[in-house]
Amino acid sequence: MLTINVAVLLAVVVLLRLRRRTQARSRNDEKLTVVIVLVLGVLLAPTAFGEGLLDIVTQLVTGVSDSSR
C-alpha cells in the first residue's frame, strides 16, 4: 500500500502552480494558490520541520532587528 503525505503533495502542487507565468493566471487562480499555501503552512507548522523553520526565521528577524539599532 502506498501512502502519500498530504504536505508533500501540496508542496508539489504549489511548486507546479508557481512555475506558470504570471500573465496566464486569473484572480481566482491566484486566490486558490494562496489558499493552498496557507493549508500547507498549517500542515507544516506542528511538525519538527516547521518548528525548525520557525526557529531559523526567528533568529534571522532578531539578527536583522538588532543590527538596525
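The values are calculated or read from the model by the stated rules, or taken from the named source; none is laboratory data. Everything numeric in this text was worked out from a predicted model, so none of it was measured. Just the protein is used for accessible areas: all its heavy atoms, side chains included, with ligands, DNA and RNA removed. Shrake-Rupley method; radii C 1.70, N 1.55, O 1.52, S 1.80 Å.
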### Query
Does at least one position in the range 15-32 carry a residue that is under 11 Å from the mean Cα position of the chain (by Cα) and open to solvent by less than 90 Å² (accessible area, probe 1.4 Å)?
no
### Task
Inspect the range 59-69 for any residue being among the β-branched types (Val, Ile, Thr) and modelled with pLDDT of 85 or more and give the result as yes or no.
yes
